[in-house]
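First, the structure itself, so that you have it in front of you.
The values are calculated or read from the model by the stated rules, or taken from the named source; none is laboratory data. Since this is a predicted model, take the numbers as computed values, not measurements. Every residue, glycine among them, receives a Cβ derived from its backbone with ideal geometry; neighbour counts consider all protein chains shown. Heavy atoms of the whole protein, side chains included, go into the accessibility calculation; ligands, DNA and RNA do not. Shrake-Rupley method; radii C 1.70, N 1.55, O 1.52, S 1.80 Å.
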Amino acid sequence: MEKKTIDVSDGAAIPRKKDAGLFSAWRISFAGALIILLCLVVFEPDPYLKILKFLPDGILITFEVTIFAIIFAVLLGLLTGLGRISKNPFINAVASTYVEVVRGIPLLVQLFYIYYALGRFVRLPDMVAAIIAMSLCYGAYMGEVFRAGIESIDKGQMEAARSLGFNRTQTMFYVILPQAWRTILPPVGNEFIALLKDTSLVSILAVADMLRRGREFASETFTYFETYTVIALVYLLITLLLSKMVSILEEKLNYYDQS
């Protein structure tokens with residue numbers, strides 16, 4: 001009997017071709033958002049075009065926070081995942097405790113704690129604090145992704161490598177992880193999308209991301225409805241594009257498994 005899994009993510013749903021309904025919904029959503037945004041800009045350039053011209057700097061900051069945070073989160077996730085499967089009780093306990101503690105505290109609280117609470121002892125620049133908080137939070141989730149990916153590899157691979165003279169570290173980095181990447185990369189893509197959406201929270205630290213820039217424009221012009229409509233559409237288009245990229249990545253990784 002084929003084992004079924006439940007796939008739930010904070011990111012946008014991945015438009016896989018085998019799921020015809022979701023694939024059609026992705027195309028409708030993307031085309032709809034793009035058409036609405038273009039119509040608003042063309043037929044009502046004041047204020048919609050002005051809003052759109054005001055956002056590029058914020059979009060760049062959003063991606064900057066996302067990319068730096070995902071890089072550090074992946075590295076931290078790898079260490080955490082290895083710690084979670086470690087036979088050393090101390091290392092395993094530290095990694096498991098980190099995962100449980102961080103996943104049990106809302107990201108918004110972590111942002112406040114690192115920037116404001118720890119600011120009593122060391123004052124971090126808002127951008128640095130945002131990247132650290134996002135990295136620590138998503139590092140815990142990445143740790144579970146890496147753990148699951150590594151454990152999905154047949155144990156016989158480890159035994160075969162050890163019989164050839166590889167030590168445990170060599171086996172992990174030369175045999176297990178290269179095979180696990182095929183399983184790990186799609187969930188990492190999902191987390192990347194979820195992280196990008198969560199970067200909207202860093203605006204509370206005065207980081208000039210897309211949402212912060214939008215708030216500045218709206219507070220100056222009082223066009224709150226128009227501004228947040230544009231921001232919502234831009235976020236939607238970005239996340240839908242990224243979800244499509246993850247879908248393409250999955251197809252390429254699973255190409256040789258398809259009958």
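Starting from residues that are surrounded by fewer than 14 Cβ atoms within 10 Å (Cβ to Cβ) and not acidic (Asp, Glu), keep the ones in the stretch 246-259 and report whichever is modelled with the lowest pLDDT.
So the residue we want is Ser259.
Okay, next question. Among the residues of the stretch 195-243, write down those that are small (Gly, Ala, Ser), buried (at least 20 other Cβ atoms within 10 Å of the Cβ), out of contact with any Lys or Arg (no Cβ under 8 Å at 6 or more places or on another chain) and farther than 15 Å from Leu52 by Cα.
Listed by number, the list holds a single entry, Ser243.
OK, next. Mind listing whichever residues of the stretch 111-124 are in a helix (DSSP H, G or I) and open to solvent by 80 Å² or more (accessible area, probe 1.4 Å)?
Step one: list which residues in the stretch 111-124 are in a helix (DSSP H, G or I), which gives 111-120.
Answer for the stretch 111-124, where residues must be in a helix (DSSP H, G or I) and open to solvent by 80 Å² or more (accessible area, probe 1.4 Å): Phe112, Tyr113, Tyr116, Arg120.
Looking for whichever is of a type outside the set (Val, Ile, Thr) and surrounded by 15 or more Cβ atoms within 10 Å (Cβ to Cβ) here; the options are Leu108, Leu78, Leu164. Which one fits?
On the way: Leu108 fails: surrounded by 15 or more Cβ atoms within 10 Å (Cβ to Cβ); Leu164 fails: surrounded by 15 or more Cβ atoms within 10 Å (Cβ to Cβ).
Checking each option against the conditions leaves just Leu78.
Counting just the residues of the stretch 53-75 that are open to solvent by 50 Å² or more (accessible area, probe 1.4 Å) and within 19 Å of the chain's Cα centre (by Cα), which one comes out farthest from Thr199 (Cα to Cα)?
Filtering the stretch 53-75 for residues that are open to solvent by 50 Å² or more (accessible area, probe 1.4 Å) and within 19 Å of the chain's Cα centre (by Cα), the one farthest from Thr199 (Cα to Cα) comes out as Leu75.
For residues in the stretch 81-105 being assigned to a loop (DSSP other than H, G, I, E, B), open to solvent by 50 Å² or more (accessible area, probe 1.4 Å) and more than 15 Å from Tyr138 (Cβ to Cβ), which is modelled with the lowest pLDDT? I'd like the intermediate steps shown before the answer.
We begin by selecting, within the stretch 81-105, every residue assigned to a loop (DSSP other than H, G, I, E, B); these are 85-88, 104-105.
From the residues that got through so far, the ones that are open to solvent by 50 Å² or more (accessible area, probe 1.4 Å) too are 87-88, 104-105.
Checking which are more than 15 Å from Tyr138 (Cβ to Cβ) leaves us with 87-88.
Details: Lys87: 88, Asn88: 91.
Per the criteria, the residue is Lys87.
Out of everything in the stretch 181-240 that is within 26 Å of Tyr115 (Cα to Cα) and outside any helix (DSSP H, G or I), what residue ends up being modelled with the lowest pLDDT?
By that ranking, first place goes to Ala206.
Identify all residues within the stretch 167-187 that are open to solvent by 20 Å² or more (accessible area, probe 1.4 Å) and aliphatic (A, V, I, L, M); write none if there are none. Walk me through how you get there before you give the answer.
In the first step, residues of the stretch 167-187 are kept if they are open to solvent by 20 Å² or more (accessible area, probe 1.4 Å); the result is 167-170, 173-175, 178-179, 181-183, 185, 187.
Hits for the stretch 167-187 are Val175, Leu185.
So, one more: Which residue out of Val175, Val128, Val145 is of a type in the set (Val, Ile, Thr), in a helix (DSSP H, G or I) and in contact (Cβ under 8 Å) with a residue 40 or more places away in the chain? Write out each step before concluding.
Numbers: Val175 fails: in contact (Cβ under 8 Å) with a residue 40 or more places away in the chain; Val128 fails: in contact (Cβ under 8 Å) with a residue 40 or more places away in the chain.
Exactly one of Val175, Val128, Val145 is of a type in the set (Val, Ile, Thr), in a helix (DSSP H, G or I) and in contact (Cβ under 8 Å) with a residue 40 or more places away in the chain, namely Val145.
Return the only residue of Val94, Val102 being closer than 25 Å to Asp209 by Cα and not polar (S, T, N, Q). Lay out the reasoning, then the answer.
On the way: Val94 fails: closer than 25 Å to Asp209 by Cα.
Within the list Val94, Val102, the selection yields Val102.
I'm trying to understand the selection: among the residues of the stretch 22-50, which are buried (at least 16 other Cβ atoms within 10 Å of the Cβ), of a type outside the set (A, V, I, L, M) and closer than 23 Å to Phe222 by Cα?
Pro47, Tyr48, Lys50, listed by residue number.
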